[in-house]
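Down below is the structure, laid out as C-alpha cells.
The values are calculated or read from the model by the stated rules, or taken from the named source; none is laboratory data. Note that the structure is predicted; figures quoted are calculated from it, not measured. Backbone-built Cβ (ideal geometry, glycine too); neighbour counts: all protein chains shown. Protein only, heavy atoms only, side chains kept; ligands, DNA and RNA dropped before computing areas. Shrake-Rupley method; radii C 1.70, N 1.55, O 1.52, S 1.80 Å.
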Amino acid sequence: MKKFFQEIKADIKFKSAGPGQKLTDSAGEKAPREKPQQPALRQPRQGPTDEAQMAAAAALARLEQKQPRARGPTSQDSIRNQVRKELRAEATVSGGPESTGTKEVPEPKEEGSTHLAVPGVYFICPLTGVTLRRDQRDAHIKEAILSHFSTDPVAASIMKIHTFNRDRDRVKLGVDTIAKYLDNIHLHPEEEKYRKIKLQNKVFQERINCLEGTHEFFEAIGFQRMQLPVADQEDLEEFYVLSEAALAQPQSLERHKEQLLSAEPVRAKLDRQRRVFRPSPLASRFELPGDFFNLTAEEIKREQKLRADAVERLSVLRTKAMREREEQREQRKHTYTLLRVRLPDGCLLQGTFYARERLSALYEFVREALQSDWLPFELLASGGQKLLEEENLALNECGLVPSALLTFSWDAAVLEDIRAAGAEPSSSILKPELLAAMEKLS
C-alpha cells in the first residue's frame with residue numbers, strides 16, 4: 001500500500017514538471033512553454049424556483065417588520081409643528097375647531113349600547129333644572145340668562161357679566177371699576193360730576209365697554225344714555241347719567257353693587273347620575289362612552305401646551321419629585337371619572353365625578369345614600385389603600401381615573417358597636433328609596 005501511494009505521488013510530480021525537450025536541442029533553444037490551461041468556464045446558475053422566490057419574499061417581509069420605525073423629528077420646533085398638525089387633523093375629523101370635542105380613544109362605544117356603564121356625561125342647569133348634554137349646556141345657560149332679563153334685568157345683567165366673559169381677571173377689573181363709580185355716587189350724592197360717566201373715557205373703554213353685559217347693568221340700575229356738551233368742544237359726547245329716581249334710592253345702588261361684586265359665573269352642575277346595582281361579578285368592568293375621553297377646544301389647547309412642555313423636559317435630567325409631578329399631569333388629562341363603591345352587602349353605588357374633584361365630594365356622595373349618614377366609614381381603593389377624607393386629595397391624584405372600583409368599610413369603632421349589638425355588618429345600609437330602584441349590572 002505504501003508503494004502504491006509513492007507511485008501516485010511520483011506520477012503527479014512528473015506531470016507537473018511541464019513538457020520535456022530533446023537532447024539534440026541546443027541549450028538556448030527551449031520550446032516555449034504552453035500556457036497553463038484556463039479553468040473551464042462555470043455553467044450559468046439556474047434561476048430560483050417559484051418556491052424559493054416565495055420563501056425569500058416571506059423572509060424579506062419579516063425583516064422589514066423587524067426594522068425600527070423611522071424616528072420622528074427631534075428638534076423642539078419641528079415637534080411642536082408636528083403636534084399642531086396632529087391637533088388640526090383631529091379637529092378637522094371631529095367637525096372643526098368649534099366642534100364639541102376630539103376623541104382620544106378610537107372607535108368609542110355607541111351611547112345606545114346596553115353595555116355602557118353610563119349613557120354619557122350630563123349636566124343640570126341651575127336656572128331651569130333641565131338635564132343637558134355637554135354640547136348643549138353653554139347655549140342653554142346663555143338662553144336662560146337672556147330670558148331672565150324680562151323678570152329681573154339687574155340680576156340677568158350681573159349673570160351675563162360673570163358668565164359670558166371668560167377672562168376672569170378682566171371681569172374682576174371691570175367689576176371693581178363699576179363698583180368705584182357707584183361708591184363715588186354713594187359718598188358724594190350732591191356732586192353732579194360723579195353721576196355722569198363719559199362713554200369715550202379711556203378707562204371706561206378699556207375696562208368696561210369690552211365686557212358683555214355691562215351696558216345692560218348700567219341701564220338696569222337707572223343710568224340713561226344722553227348726548228351732552230363738553231367744555232372746549234363743539235361736538236356732543238355720549239354719557240351715562242344716573243336718573244333722579246335712582247339717585248333717590250342710594251340703598252338700592254349699594255345693594256346692586258354688592259350683588260355685582262359677590263356674583264359668580266353660572267355654570268351647569270355635573271349630574272352624578274347616581275345608580276345602585278345588585279351584587280355582580282362584573283363590578284370592576286367599565287364600558288365608558290366617548291364623553292369620558294372627549295376633549296373640548298380649551299382642553300385641546302391645554303393638551304398642546306402639556307406636549308410642548310414635555311418636549312422641553314426631554315433634554316433635562318429629572319429628579320424623583322419631577323417625575324411624580326409629571327405623572328400627576330398625565331392624570332389630569334381625564335376630565336371625568338366613573339366610580340363605583342362596593343358596599344358591605346355587595347351592592348354597588350355608582351356616580352360620575354370631575355377628575356379634579358376632591359375626596360370629600362366622594363365621601364359626601366356616599367354619605368347622602370346611607371340610612372345612618374352620621375356614622376364614620378372609610379373607602380378603600382384597589383389593593384386596600386385607604387382614601388382618607390381629611391387628606392382631601394383630588395380623585396385623579398389618587399389614580400381614580402377614568403374609572404375605579406372602591407370598597408366601603410366601616411370605621412373600626414363602629415364595626416365593634418355593630419357586632420356588640422348582635423347586628424350583621426354586611427346588612428343593607430342604603431336608603432329604602434335607593435334599594436327600591438336597584439338595577440342589575442350588565
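Considering the range 108-224, the qualifying strands (runs of 3 or more DSSP E), each wholly inside and each with 3 or more residues that are closer than 22 Å to residue 335 by Cα, run over 122-124, 131-133.
Within the range 365-382, residues that are basic (Lys, Arg) reach partners that are in a loop (DSSP other than H, G, I, E, B) with beta carbons closer than 6 Å, at six or more positions or on different chains, in the pairs 367/373. Among the residues of the range 248-260, the ones that are closer than 20 Å to residue 165 by Cα and either open to solvent by 60 Å² or more (accessible area, probe 1.4 Å) or modelled with pLDDT under 95 (or both) come to 2 in all. Residues in the range 165-190 that are open to solvent by less than 30 Å² (accessible area, probe 1.4 Å) and in contact (Cβ under 8 Å) with a residue 40 or more places away in the chain: 165, 171, 174, 175, 178, 179, 182, 185.
Considering only residues in the range 206-228 that are under 18 Å from residue 173 (Cβ atoms) and either of a type in the set (A, V, I, L, M) or crowded, with 16+ Cβ neighbours inside 10 Å (or both), the one that is farthest from the chain's Cα centre (by Cα) turns out to be 218.
Within the range 351-409, track down each residue that is small (Gly, Ala, Ser), modelled with pLDDT of 90 or more and open to solvent by 40 Å² or more (accessible area, probe 1.4 Å). Matches in the range 351-409: 360 only. Filtering 319, 337 for residues that are hydroxyl-bearing (Ser, Thr, Tyr) and either more than 20 Å from residue 283 (Cα to Cα) or at pLDDT below 85 (or both) leaves a single hit, 319. Hey, among the residues in the range 414-436 that are at pLDDT 90 or above and surrounded by 11 or more Cβ atoms within 10 Å (Cβ to Cβ), which one's farthest from residue 287 (Cα to Cα)? The qualifying residue farthest from residue 287 (Cα to Cα) is 431. Between 193, 202, the distinction of being within 46 Å of the chain's Cα centre (by Cα) and either open to solvent by 40 Å² or more (accessible area, probe 1.4 Å) or more than 20 Å from residue 247 (Cα to Cα) (or both) belongs to 202 only. Exactly one residue out of 270, 253, 260, 242 is closer than 28 Å to residue 335 by Cβ and either touching a residue at least 24 places away in the same chain (Cβ under 8 Å) or in contact with a strand residue (DSSP E or B) (Cβ under 7 Å, 6 or more places away or on another chain) (or both), and it is 270. Checked against the criterion of being at pLDDT below 95, on the phi < 0 side of the Ramachandran plot and open to solvent by less than 30 Å² (accessible area, probe 1.4 Å), the candidates 245, 263, 283, 231 yield just one match: 283.
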